[in-house]
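Derivation of every value follows stated rules applied to the coordinates shown; laboratory data play no part. Bear in mind the structure is a predicted one, so any value in this text is a computation, not a measurement. Here the Cβ is made from the backbone with ideal geometry for all residues, glycine too, and neighbour counts use every protein chain on show.
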Amino acid sequence: MEHVDRCVVLVDAGYLLGAAASLLAGEPARSRITVDHAALIHALRERAEADTERPLLRIYWFDGAPDRVPQPEHRRLRVMPRVTVRLGALTRSDGRWAQKGVDAAMHAELTELARNRACSDVVLVTGDGDLLPGLMSAKEHGVAVHLWAVQAADGDYNQSEDLVAEADERRVLDRAWITQAVRAKELTGICAPPPAPRPEIAAILSAPLPESALAAAAERAEDTGPRVTPVGNGSSAPAVGSGTENGAAAPAGPHAKGVPTPKDLAGLRGPAVQTDRQPAGATLRWSSDKGWIERSGGGALGEPPETASLPTLAQLTSAEQRWADREEDITTVGGDPFEVGQVFARRWMERLPDPAHVTKLSTMYPRIPHRIDGELLRYAARFGLLAHKDDQIDEHDRYAIRAGFWREIDVRAATERAPAGE
């Protein structure tokens with residue numbers, strides 16, 4: 001059986017983008033460059049077909065991702081025509097990120113393509129000598145191997161010399177070619193301070209706890225003596241699912257302002273103390289912003305009627321809309337936390353049967369009703385957000401997601417409050 005006259009491109013994204021970052025930004029960190037993936041794929045296809053004089057069968061994009069969860073760039077790539085994404089693991093060791101399984105996946109794909117005579121030419125964009133056995137196996141099956149290098153920043157090799165020696169053809173992707181799709185990010189200065197947080201996120205972080213909640217906390221703490229997590233001026237309590245149980249504890253007196261941990265709340269479920277601020281039978285529950293608030297029955301899990309009446313996005317979405325939402329998520333939503341919150345809020349508001357729900361929700365700022373907040377965070381998890389980074393949940397992402405949500409709610413609420421004709 002003869003080989004089919006077509007070419008296949010296998011891209012080691014870690015090599016291609018790391019070498020491009022070294023060339024354009026002076027260091028191999030991919031965070032130092034911006035990549036137009038559509039332009040890059042187009043350039044790879046055009047160059048491969050010109051070099052091999054064969055039509056393209058497919059581009060395989062090999063990259064690493066934490067827990068092999070596709071990142072926004074992978075989600076955009078894998079829906080492009082003639083592109084297949086293969087993900088290995090991305091692990092952190094000794095303070096550095098390392099790919100695991102990418103070389104093995106490239107080797108397996110290269111050998112399988114050659115063995116099945118799926119193509120006549122293979123383009124390898126890599127520098128790793130671990131692919132040498134796969135390259136030699138492909139040659140033994142009659143496949144022509146084209147090895148592409150990214151121009152080295154220091155003018156020297158950035159590829160295994162054994163790979164270079166065994167390849168049938170070699171090309172160098174120079175600076176002019178790379179800059180068709182890759183740009184170095186501009187830096188304001190080597191010692192520049194980190195950028196200030198968005199005002200919307202800062203507003204949520206600094207929003208005070210309700211005075212009624214603080215007073216109730218002090219009265220209960222005095223009565224039962226639980227451990228509480230101190231909250232100073234301008235600080236904030238953990239968000240949903242992120243309460244810390246090991247924070248510094250301090251005795252709470254009548255004037256203490258503290259937020260109980262989830263463990264403390266479990267101990268506060270006894271008979272309530274009747275006060276002017278807190279009715280008997282009130283329950284303390286975690287909310288989406290500052291820790292806890294008073295809830296006095298009504299609705300599921302003690303949720304007040306005014307929030308229990310708000311429908312979730314899932315309840316407002318038909319099967320056809322769900323399909324369209326998923327298509328939009330894959331093709332156009334980038335995955336920035338703030339943007340994710342905005343997209344979710346827009347869909348929710350567009351499908352509300354009663355516009356008054358928006359006004360009602362806007363009065364609850366910065367607190368998002370528990371059911372809607374949980375749905376928002378589950379939606380964000382599709383984009384790889386909220387994942388563990390260095391074994392800790394990225395709390396800034398959570399606030400950014402909610403800030404994006406509130407920005408859209410605020411814009412719509414302001415529009416509805418504006419008098420007609422303005």
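Numbers below:
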item: Simple Cβ-charge dipole of the stretch 313-417, Lys/Arg +1 and Asp/Glu -1, about Cα centre, in debye nearest 20; result: 400 debye
item: Ordering of 29-36, 379-386 by packing [mean C-beta count within 10 Å, highest first]; result: 379-386, 29-36
item: Signed unit charges on C-beta, dipole axis of the stretch 313-417, positive-most listed residue Thr331, His357, Ser318; result: His357
item: Gyration tensor (alpha-carbon) shape descriptor, the stretch 313-417, a/c threshold 1.5; result: oblate
item: Karplus 3J(HN,Hα) series, Hz, for the stretch 398-407 with 6.51 cos²θ - 1.76 cosθ + 1.60 (x for Gly, Pro); result: 4, 5, 5, 4, 5, 5, x, 4, 5, 4
item: Stokes-Einstein diffusion coefficient of the stretch 7-184, Kirkwood radius over Cα pairs, 20 °C, 1.002 mPa s, in µm²/s; result: 131 µm²/s
